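Read through the structure below, which is laid out as structure tokens, and then see the notes.
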Amino acid sequence: MRVTLAAVGKDKSGPTRDLFQHYIKRLTWPFTLREVEERKPLPSASLKFREAELLRDAIPKGAVLVALDERGKNLSSSELAQMIGQWRDNSVQDLAFVIGGADGLHESLREEATRNISFGRMTWPHMMVRALLAEQLYRAQSILAGHPYHRE
């Protein structure tokens, strides 16, 4: 199973990028980061719509789509691992996560997603969300590989 993260914005060097890279390097699943950005100044609604188009273009065709959104469902690490494991066991070839811009994801993209998940109702910097996702993917991979998980 290949994993893609399509995210609005360009990550610059710094601690969040280092943390993201730390966990991505530990993944055995093939992983691709696709960063998108609309450079034209647009009103919020138009910008969200345009970012949704860019994100759609960045994900592999036929991928299972997971939107990271504050309105999504809060999952435990074990629940996320179980969800990913079911897709893996059902021969899903591509799994794609999307992170929207400062104004969030366009409703159409949230509706298209197979699942909408949240890292909580708090506002997180987008680059921190990337690091959180990378750590949770690594944790899910470890859980699915049968490594002891101290929270159960």
> Helix 15-24 versus the longest principal axis of the chain: what is the Cα-based angle in degrees, 0 to 90, to the nearest 10?
Replying inline: 50 degrees
> Given a cut-off of under 8 Å on Cα pairs at least six residues apart, what relative contact order in percent is computed for the chain?
Replying inline: 35 percent
> Which residues' amide hydrogens lie under 5 Å from the amide hydrogen of VAL36, considering only partners 5 or more residues apart or on another chain, with H built in the peptide plane?
Replying inline: ALA7, VAL8, GLY9
>> How tilted is helix 44-58 with respect to the longest principal axis of the chain? Cα atoms for both, answer in degrees (0 to 90, nearest 10).
In response: 50 degrees
> Hey, what angle do you get for helix 77-89 against the long axis of the chain, alpha-carbon based, 0 to 90 degrees rounded to 10?
Replying inline: 90 degrees
> So what J values fall out for the stretch 126-136 if you push phi through Karplus, 6.51 cos²θ - 1.76 cosθ + 1.60 with θ = phi - 60°, rounded to Hz, Gly and Pro as x?
Replying inline: 4, 6, 5, 4, 4, 5, 4, 4, 4, 5, 5
>> Considering the Cα positions of the chain, please state its Rg to one decimal place and its Dmax as a whole number of Å.
In response: 15.0, 49
> Amide H neighbours of ARG2 under 5 Å, counting only residues 5+ apart in sequence or on other chains, H built in-plane at 1.01 Å?
Replying inline: ASP94, LEU95
> Taking Cα pairs under 8 Å and at least six residues apart, what relative contact order does the stretch 71-129 come out at, in percent?
Replying inline: 62 percent
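Report the longest stretch of the chain that contains none of the trypsin sites (Lys or Arg not before Pro) sitting in a DSSP loop with at most 15 other Cβ atoms within 10 Å.
Answer from the scan: 62-120.
Once you order the gyration tensor axes a ≥ b ≥ c over the Cα atoms, which shape class does the stretch 81-142 get: rounded for a/c under 1.5, otherwise prolate or oblate by comparing a/b with b/c?
It is oblate, given that a/c is not under 1.5 and a/b is not larger than b/c.
Bear in mind these aren't lab numbers, they're just calculated from the coordinates by the rules spelled out. Bear in mind the structure is a predicted one, so any value in this text is a computation, not a measurement. Positions of Cβ are generated from backbone atoms using ideal geometry, with glycine treated the same way; all protein chains shown enter the neighbour counts.
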